[in-house]
Amino acid sequence: QLQLVESGGGSVLPGGSLRLSCAASGNIFRINAMGWYRQAPGKQRELVAAITSGGSTNYADSVKGRFTISRDNAKNTVYLQMNSLKPEDTAVYYCNADVTQYSGMYYDSRDRWGQGTQVTVSS
């Protein structure tokens, strides 16, 4: 069974920093793109940052220059370093990974989601 387990959320003052981690475990043949999404109350889930297996990244305009996404392929883990946090960054942050599994007969690729971790930025 495949799992994405997030950690690192919490409460922080404006201007502070947090680092989110998401580790994938289980039957994994390959992890393709990985990313972080967030959903604030009353709003749609939005892409924050994404990274390919080769290390190419893209960011939402609202977080460029403040957030950095990275991954450790050997550990099947993706990170999100968040600096200069603002109250508008408050949301539940979700890890996403495009995971390929091999059953012994065929390959199956699909999006997987973590359970979400709360990030609150408030004075």
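The values are calculated or read from the model by the stated rules, or taken from the named source; none is laboratory data. Computed from a predicted structure; not experimentally measured. With ideal geometry, Cβ positions are generated from the backbone for all residues, glycine too; neighbour counts draw on all protein chains shown. Protein only, heavy atoms only, side chains kept; ligands, DNA and RNA dropped before computing areas. Shrake-Rupley method; radii C 1.70, N 1.55, O 1.52, S 1.80 Å.
Of note:
- Each Lys and Arg Cβ is given +1 and each Asp and Glu Cβ -1; about its Cα centre, the chain then shows a dipole of about 100 debye.
- Range in the chain, longest, excluding exposed trypsin sites (Lys or Arg not before Pro) [loop by DSSP; at most 11 other beta-carbon atoms within 10 Å]: 65-123
- Extension gain, Arg30 to Leu47, is 3.9 nm, computed as 0.36 nm per intervening residue step minus the present C-alpha separation.
- Multiplying the residue separation of Arg19 and Arg66 by 0.36 nm and removing their Cα-Cα distance gives an extension gain of 15.7 nm.
- For the chain, share of DSSP beta bridges that run antiparallel, in % to the nearest 5: 95
- Once the Cα-Cα distance is subtracted from the 0.36 nm per residue extended length, the Trp113 to Val5 segment shows a gain of 38.0 nm.
- Across the chain, the mean sequence separation of Cα contacts (distance under 8 Å, 6 or more residues apart), normalised by length, yields a relative contact order of 35 percent.
- For segment 89-98, Karplus couplings with θ = phi - 60° (6.51, -1.76, 1.60), whole Hz, Gly/Pro x: 7, 4, 4, 8, 9, 10, 7, 9, 9, 8
- Whole-Hz ³J(HN,Hα) from phi, Karplus 6.51 cos²θ - 1.76 cosθ + 1.60, for segment 32-45, glycine and proline x: 8, 6, 10, x, 10, 10, 9, 9, 8, x, x, 10, 6, 5
- Taking only protein heavy atoms and a 1.4 Å probe, the accessible area of segment 39-123 is 45% carbon and sulfur.
- Only Lys, Arg (+1) and Asp, Glu (-1) charged, at Cβ; segment 23-74 dipole about Cα centre in debye: 100
- Whole-Å distance, taken between Cα centres, linking segment 9-31 and segment 50-123: 7
- Loop-resident chymotrypsin sites (Phe, Trp or Tyr not before Pro) (DSSP state other than H, G, I, E or B) in segment 11-100 with no more than 15 further Cβ atoms inside 10 Å of their Cβ: Phe29.
- Oblate is the label for segment 24-70, because the ratio a/c of its alpha-carbon gyration tensor axes (a ≥ b ≥ c) is 1.5 or higher and a/b is not greater than b/c.
- Here the Karplus relation 6.51 cos²θ - 1.76 cosθ + 1.60, evaluated at θ = phi - 60°, turns the backbone of segment 118-123 into coupling constants of 7, 10, 10, 10, 7, 9 Hz, with x for every Gly and Pro.
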